[in-house]
Amino acid sequence: MLTPKMKSLINQLWNSFWSGGIANPLTAIEQISYLLFMRRLDEVDSKLKKDAEWTGEKYTSVFKGKFTSPLSKEELDKGTLRWSHFKQLEGGEMLTHVQTNVFFFIKQINGENSVFAKYMADAVFIIPKPSLLVEAVSIIDALYDEIEKQTQAGQTFHDTQGDMYEFLLSEISSSGKNGQFRTPRHIIKLMCELVAPKLGETIGDPACGTGGFLLGAYQYILTTHTSKGQLTKDEDGFERGFGDKLTDERLWTALREKTFNGYDFDTTMVRIGLMNLMLHGITHPNIERVDTLSKKYNEDDQYDVILANPPFKGSIDKGDINENLSLKTTKTELLFVNRLINSLKIGGRAAVIVPDGVLFGSSTAHRDLRKMLIDGCELQGVVSMPSGVFKPYAGVSTAILVFVKGGTTERVWFYDMQADGYSLDDKRDRIDSNDLPDIVKAWKTRSKNPNDDRKAKHFFVPVKEIIDNKYDLSINRYKEIEYTPPKYDKPEVILDKIQKMEDEINEKIKCLKGLR
């Protein structure tokens, strides 16, 4: 969890960029990410060097040797590219050094052929003023001082650093463009509980944005490999751990380098997603820039688990739609679910957020998609969410679909979420009412405690009933609302109340006349 001081420092950082001339939130977070990466690179390298000296092992610093910047053509000692070195320079000198040397050094830090280098190739460092850079460097140093205090108090470093970056991302107020919304972290945690990703599985997100679902799956796997005494409850009531039972370095390598795969069509989002995963400890993230609905994408039957919140609106050029997508539509909210089904291995499972229209839309494409989920998959659950979950970005009503590719749908579990622990207005303040813990508990025990009471928050619906209703998956189609007729007073009681009111009015009139 972030301390109030850390939140205050992050707000100062945002304000500095705003007043410094970088008002676009996505541009600001991109530039901040570069600085965080420079700071973290220096810190990690110094720690590894000290550890090697302590153990007697050999370690070659990434800052050892010479570096020739492609921009300045100057051969430099790599030691001068450290954060701890350039932060001591005068403002103008620091800005020039970072722009022409340090930035080009970090662009190829994972190797010239790495995914990171590929998408950093045309990245630019656009902080315009020495004063802004000096102020940003100072605030970031203060933030890492706070992270160190949190670490000493018992929190893991990556948790606190990750929380810091997530808080930065939460300030991207321009979200919602092209139907893209940053998924609230507590909803991501809920969806991870529903599909339960496991160590050794391949996990994907075909519209990954900042990489939130991939990180949610990473954290879930770490938690499931944490000793019971080391588990803690986070602010949303979910257990959280750091994977102390993962002692085999080969498993760590596979987890961090070969497990998580993301795609997005926006280059800026790809860079931010890469930075986000790297700052959380996933050293070699696999995020690619590609429109997964287009003919350029061919990753069918690849994943054990998919978690996604695809764009809610928009369409794609009919001629560019991947021929493996069988739905006859250009609506992206339908095509993305088709994409998820295709991308899963047989037996693979998915949790995806869809707008309510997908559940009951009457077009042929809407019905065909629901038929695909019922007849070609095991549709396990539909969690209906209130319309305020995505505020302040949008007030659209949504649902979570949980399904397994292949198998047979015999009945579908529905849950009517009324509250998610936050107010459903634009402020999204924390409140006591929260259905998420009950959803997790009810989901995990649904086979042992089947419930057919349509007046309850959760219940099963036989697949035949759904098919008879033209594959309608909206909970309102099946939920029974218990009508309680209003109670009215008897006529004599109403007349008595009226008489009392008249008496009170007459008494007040008399008092007013007396005052005259």
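All of the numbers you see were taken from the coordinates with simple rules; none came from a lab. Treat the numbers as computed from the prediction; the structure is a model and nothing was measured. With ideal geometry, Cβ positions are generated from the backbone for all residues, glycine too; neighbour counts draw on all protein chains shown.
Measure nothing fancy, just the Cα-based angle from helix 185-195's long axis to the longest principal axis of the chain, in degrees from 0 to 90, nearest 10. Helix 185-195 sits at roughly 80 degrees to that axis. Output the 0 to 90 degree angle, nearest 10, between the alpha-carbon long axis of helix 212-224 and the longest principal axis computed from the alpha carbons of the chain. With rounding to tens, the tilt is 90 degrees. Using all pairs of distinct alpha-carbon atoms, the Kirkwood hydrodynamic radius of region 313-359 works out to 11.6 angstrom. Annotation: the antiparallel percentage among DSSP beta bridges lying fully within region 177-477 is about 60. Strictly over 30 Å apart at the Cα level, which of LYS457/LYS490; LYS258/LYS405; LYS118/LYS405; LYS405/LYS470 would you flag in this model? Beyond 30 Å: LYS457/LYS490; LYS118/LYS405. Helical runs (DSSP H, four residues minimum) scored at -39500 (n - 2.57) apiece and divided by the length of the chain put the mean residue ellipticity at 222 nm at -13500 deg cm²/dmol. In degrees between 0 and 90, to the nearest 10, how far off the longest principal axis of the chain does helix 267-279 point, with axes built from Cα atoms? Roughly 80 degrees between the two axes. What FRET efficiency would be calculated for the residue pair LYS371, GLN108, taking the C-beta separation as r and a Förster radius of 51 Å, to the nearest 0.05? Computed FRET efficiency for LYS371 and GLN108 comes out at 0.55.
Can you compute the charge dipole magnitude of region 177-477 about its Cα centre, using +1 on each Lys and Arg Cβ and -1 on each Asp and Glu Cβ, nothing else charged? Give it in debye, rounded to the nearest 20. Present the calculation step by step, with values, prior to reporting the outcome.
On the way: 42 positive and 41 negative charges, 35 e Å.
Using only the charged Cβ atoms, the result is roughly 160 debye.
Look at the alpha carbon pairs under 8 Å that are at least 6 residues apart: their mean separation over the length of region 177-477 gives a relative contact order of 15 percent.
In the chain, Cα pairs under 8 Å separated by at least six residues give a relative contact order of 10 percent.
If you stretched the chain out fully between THR3 and LYS487, how much longer would it get, using 0.36 nm times the residue separation minus the C-alpha to C-alpha distance? Working shown, then result.
Numbers: separation 484, 0.36 × 484 = 174.24 nm, distance 5.05 nm.
The span from THR3 to LYS487 would gain 169.2 nm if fully extended.
Ranked by the mean number of other Cβ atoms within 10 Å of their residues, highest first, the peptides 225-232, 187-194, 261-268 come out as 187-194, 261-268, 225-232.
Is the shape of region 278-414 rounded, prolate or oblate, going by the alpha carbon gyration tensor and its root eigenvalues a ≥ b ≥ c, with a/c under 1.5 for rounded and a/b larger than b/c for prolate?
Working: a/c = 1.18, a/b = 1.12, b/c = 1.06.
Rounded, because the longest to shortest axis ratio a/c is under 1.5.
Entry note, region 4-170: relative contact order of 27 percent, from Cα contacts under 8 Å with a spacing of 6+ residues. Ranked by the mean number of other Cβ atoms within 10 Å of their residues, highest first, the peptides 57-66, 197-206, 437-446 fall in the order 197-206, 437-446, 57-66.
Label region 4-170 by shape, choosing from rounded, prolate and oblate, from the square roots a ≥ b ≥ c of the eigenvalues of the Cα gyration tensor; if a/c is under 1.5 it is rounded, and otherwise prolate applies when a/b is larger than b/c, oblate when it is not. Oblate shape, in that a/c is at least 1.5 and b/c is the bigger or equal ratio.
Using the Cβ-Cβ distance between LYS73 and THR408 with R0 set to 56 Å, the FRET efficiency from 1/(1 + (r/R0)^6) comes to roughly 0.30.
What the Cα atoms of the chain give is an Rg and a Dmax of 27.6, 101 Å. Stretching ILE346 away from LYS464 to a fully extended chain increases their span by 40.1 nm, per 0.36 nm per residue minus the current alpha-carbon distance. For region 177-477, the Stokes-Einstein estimate of translational diffusion at 20 °C and a viscosity of 1.002 mPa s comes to 109 µm²/s, using the Kirkwood hydrodynamic radius over alpha-carbon pairs. Note on region 23-65 and region 281-303: Cα centroid distance 27 Å, given to the nearest whole angstrom.
Packing, as the average of other Cβ atoms within 10 Å across residues, places the peptides 102-108, 339-345 in the order 339-345, 102-108, highest first. Dipole magnitude for the chain: about 460 debye, using +1 per Lys or Arg Cβ and -1 per Asp or Glu Cβ, origin at the Cα centre.
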